[in-house]
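Undergrad: Here you go, one structure.
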């Protein structure tokens, strides 16, 4: 069994993970999340400055590590989806140019939005 990336699974619809990743990506780029991250950094610094017991320092550091790990996973997912979308569009453009050079009409000429999947995704 091979594990395929969500963008490579095919189909015209997005699954639960893709919708979740999109919402999480939108949240992580919001001012609210930036404020939360800034607060988390301030707490970590405050714990160290206050000289609280090591348990508190470990807890603060672990919370920071967990947030970083989740953000890294979201960033990788977003990057892969964007890369896949760009590649699809480049393939459609290359195919249309090749068809034009050969004097054919293709799906890209008839409906460019559908050929490069520019329709609104919900």
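Undergrad: How far apart, in nm, are two points set 7 Å out from the Cα along the Cα-to-Cβ line at residue 55 and at residue 27?
TA: 2.9
Undergrad: Below 8 Å, C-alpha to C-alpha, sequence gap of six or more: please give me the relative contact order for the stretch 16-115 in percent.
TA: So the answer I get is 23 percent.
Undergrad: Using label points projected 7 Å from each Cα along Cα→Cβ, tell me how many nm separate residue 75 and residue 38, to one decimal.
TA: That separation, rounded to one decimal, is 2.0 nm.
Undergrad: I need the Kirkwood Rh of the stretch 16-115: take the reciprocal of the average 1/r across all distinct C-alpha pairs and report it in angstrom.
TA: Numbers: mean 1/r = 0.0578 Å⁻¹.
So the Kirkwood estimate lands at 17.3 Å.
None of the figures in this text is laboratory data; all of them are computed from the coordinates on show. Model, not experiment: these values are computed from the prediction. Backbone-built Cβ (ideal geometry, glycine too); neighbour counts: all protein chains shown.
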